[in-house]
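Scroll down for the structure; my scribbles are underneath it.
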Amino acid sequence: MIRSVDLIGAHTSNGLLSQLLVDMPAGYRLYHPDGPDHVHTWANLPDVANATGRLLDHDSALPIYAVFDFPGYRLSFADLADTVRRASGRPVKLRPFGVHTTHPFAGFALHLRALRRAHPSDTATLPPLDGEPLRVTLGGSLPFTQLPAALIAAGLIDSVDQRELHWSYVESP
């Protein structure tokens, strides 16, 4: 079994990040639960799937109930906003979420509040998922996509090049 964190991917449209990162006409809005310095961990779904497939090649050599951690990206919401800004070339505004910011989506707000109670407020003190046993089992390396490329591939943001192509197409006669 592979244990991971919140997933980023093209087929995770109901993932947490797809709910917290909103594409606005003037840039992006990123909602954070406990301030911009709140640390969270994300994993790229294609990387987790790749590791799972590679792990199946070692199936006969593994214990029956083996559990492996997939480490992913561990960063603050401020760092995530900076990554989105650099990759997209558009501004990112960090906003706290609460019932007032998600009023039209009251069910979602209640879900987020339940998640907030389930996780300690200082997640920086939680140990990161240790991917070393998985890395060793897979022969010394884990699949890893750089975060900007993962966000773009997931359709969460447009890259600078995609934005330029889009606007040049729109503005051409």
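The values are calculated or read from the model by the stated rules, or taken from the named source; none is laboratory data. Because the structure is a prediction, the values reported are computed rather than measured. Note: ideal-geometry Cβ built from the backbone for every residue, glycine included; neighbour counts use all protein chains shown. These accessible areas exclude ligands, DNA and RNA; they are computed on the full protein's heavy atoms, side chains included. Shrake-Rupley method; radii C 1.70, N 1.55, O 1.52, S 1.80 Å.
For Val92, the residues whose modelled amide H falls within less than 5 Å of its own, excluding neighbours fewer than 5 places apart on the same chain, are Tyr28. Using a probe radius of 1.4 angstrom, the carbon and sulfur fraction of the accessible surface of segment 1-73 is 56%. Placing a pseudo-label 7 Å from each Cα along the Cα-to-Cβ vector at Glu132 and Leu75 gives an inter-label distance of 2.5 nm.
For segment 1-95, give the magnitude of the charge dipole about the Cα centre (Cβ charges: +1 Lys/Arg, -1 Asp/Glu; no others), in debye to the nearest 20.
Once rounded to the nearest 20, the dipole reads 420 debye.
The residues of segment 1-67 expose on average 56 square angstrom of accessible surface per residue, using a 1.4 Å probe on protein heavy atoms.
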